[in-house]
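So the structure is just underneath, and the comments pick up after that.
The values are calculated or read from the model by the stated rules, or taken from the named source; none is laboratory data. Remember, predicted model here, so these are calculated numbers, not experimental data. All Cβ positions, glycine included, derive from the backbone under ideal geometry; neighbour counts span all protein chains shown.
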Amino acid sequence: MKRKYIMIGCGVLLGLGAVAARAAEQDDRLSALEARQKALEDKVAAQPVVTAGKEGFAIKSADGAFGLKFFGDVQVDGRFYLVDNAGSFSDTILVRRLRPTFEMSGFGVLTARFQPNFGGSTYTLDDAYLDYKAAPGLIFRAGRYKPPVGLENLQSSVRTTFVERSLATNLVPVYDVGAQLGGGLIDGRVNYAFSLSNGAPDGETVTGDSADGKEVSGRLFFQPWKGSKSLLSDLGVGVSGTSGSESGATTTNKKLPAGFKTEGLNTFFTYKYAVAQGKHQRVSPQLYWYGSNMGVLGEYVVSYQHVRSTTTSNLVSLANQAWQVAASFVLTGETPGYKGLKPAKDFSPSKGQWGAVELAGRVSRFTVDEDAFDSTNILSDPNVSAREARALTGGVNWYPNAFVKAMVNYTYTSFSGGATNGNRVPERALFLRTQLAF
């Protein structure tokens, strides 16, 4: 009997051992599966992230520290000059801008932007700079960029309310090469920028510099109620300015603008007998407000320019002035903004949706200093260059969706002087634009 119990006990022990061995084997298999799953998850997590959407196409490292973003825009324009009996201007259809844009980021503090422009008749380079975020609210920029002057000029060309910028943009630098410190403080309510650059003539773009003189520019812009529910939440007011010195050597290297242009892009004033000689300073107060379905933008620019007459060698101090006031009203109820307008509902006739429709109007004026026409200085030809230009522009903009915009603008520009018989013939320009931006 005792032997029987011993046998039973041994059998039970053997059975328990087998069960334990099988359980251990299953635990090993489960651990191996978990390890394989973890390895696969780690591998997937290490893969770059590719996205495509309204903000363009992007690829980022798994940890988000490095990335490359691609986006761009194309603008096809039609320019037609009405009542041009003398045939002074050419009607044309052209690709105004074609800009593939690349942005690269790294280490969480570096951003590089490269934006070539293949529009028009020649290749140009718009943005080409590197940003380093040294601290919250402090960004260092180096390269080619827009100096912080001119409210409408700083606005992206795909976001502007009108096909072409106003007469006031004639007096601000468009693109320059240099270094800049800037950023936003107090949750973006205070924005500042200070730049040291080669120095661009009024309304001009420069890629390099052949003179020692450099230009300092700065801007302070305030949005006191930003982020609030107040009707003034999108009110901005500020001032910008530049100070530098330029000396032109010859009539082919004047260090002066090639000419001041109308909103229809035709020259109405040139420095025919002058070169830059000394100080060049600008001051530009500016503001905008957007609320409900309305928007207003205004700026004033005065450019103080010291020049020398190439015929009399007289030194002359000039103060050219320009201003603009623009307003827009969105018929479909959306709120416009400095960074553009997006329709609440995309174009879809089957759903009774038509996108967004905006009406816009602008008045601008440019006044040349009277001393530019003084007979003792002889800086310009009064039979060709106008003393003043006044422009009235009306427009209709249609936004079928966030990517596409169609624009129609009509501009009437009148002049004081600029012709042998008195005043230059008024310019009547019709502009059409179809834009794709993503």
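General observations
- Residues in segment 380-390 that are in a loop (DSSP other than H, G, I, E, B) and either crowded, with 18+ Cβ neighbours inside 10 Å or not β-branched (Val, Ile, Thr) (or both): Ser380, Asp381, Pro382, Asn383, Ser385.
- In segment 175-247, counting only strands (runs of 3 or more DSSP E) that sit wholly within it, the ones holding 1 or more residues that are of a type outside the set (A, V, I, L, M) and under 17 Å from Gln286 (Cα atoms) span 190-197, 215-222, 235-247.
- Pair list, Cβ < 6 Å and 6+ apart or interchain, from segment 117-143 residues that are of a type in the set (Val, Ile, Thr) to residues that are part of a strand (DSSP E or B): Thr124/Asn117; Ile139/Asp131; Ile139/Lys133; Ile139/Gly182; Ile139/Gly183
Here is a yes/no grid of residues against (1) surrounded by fewer than 21 Cβ atoms within 10 Å (Cβ to Cβ); (2) under 26 Å from Gly333 (Cα atoms); (3) within 21 Å of the chain's Cα centre (by Cα); (4) modelled with pLDDT of 95 or more:
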{"position": "Val363", "(1), (2), (3), (4)": "yes, yes, no, yes"}
{"position": "Asp374", "(1), (2), (3), (4)": "yes, no, no, no"}
{"position": "Ile378", "(1), (2), (3), (4)": "yes, no, no, no"}
{"position": "Leu392", "(1), (2), (3), (4)": "yes, yes, no, yes"}
{"position": "Asn397", "(1), (2), (3), (4)": "no, yes, yes, yes"}
{"position": "Pro400", "(1), (2), (3), (4)": "yes, yes, no, yes"}
{"position": "Tyr412", "(1), (2), (3), (4)": "yes, no, no, yes"}
{"position": "Asn421", "(1), (2), (3), (4)": "yes, no, no, no"}
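- Across segment 300-352, the qualifying residues are those that are assigned to a loop (DSSP other than H, G, I, E, B) and among the hydrophobic types (A, V, I, L, M, F, W, C), and the one among them that is nearest to the chain's Cα centre (by Cα) is Leu341.
- The set of residues from segment 285-299 being in a loop (DSSP other than H, G, I, E, B) and either of a type in the set (D, E, K, R) or crowded, with 17+ Cβ neighbours inside 10 Å (or both) comprises just one member, Asn293.
- The one condition in (1) at pLDDT 95 or above; (2) acidic (Asp, Glu); (3) farther than 28 Å from Tyr410 by Cβ that Glu299 fails to fulfil: (3)
- Scanning segment 83-109 for residues that are exposed (fewer than 12 other Cβ atoms within 10 Å of the Cβ), of a type in the set (A, V, I, L, M, F, W, C) and in contact with a strand residue (DSSP E or B) (Cβ under 8 Å, 6 or more places away or on another chain) yields Val83, Ile93, Phe107.
- Every test in (1) within 28 Å of Arg308 (Cα to Cα); (2) touching an Asp or Glu at 6+ places or on another chain (Cβ under 7 Å) is passed by Asp176 save one, and that test is (2).
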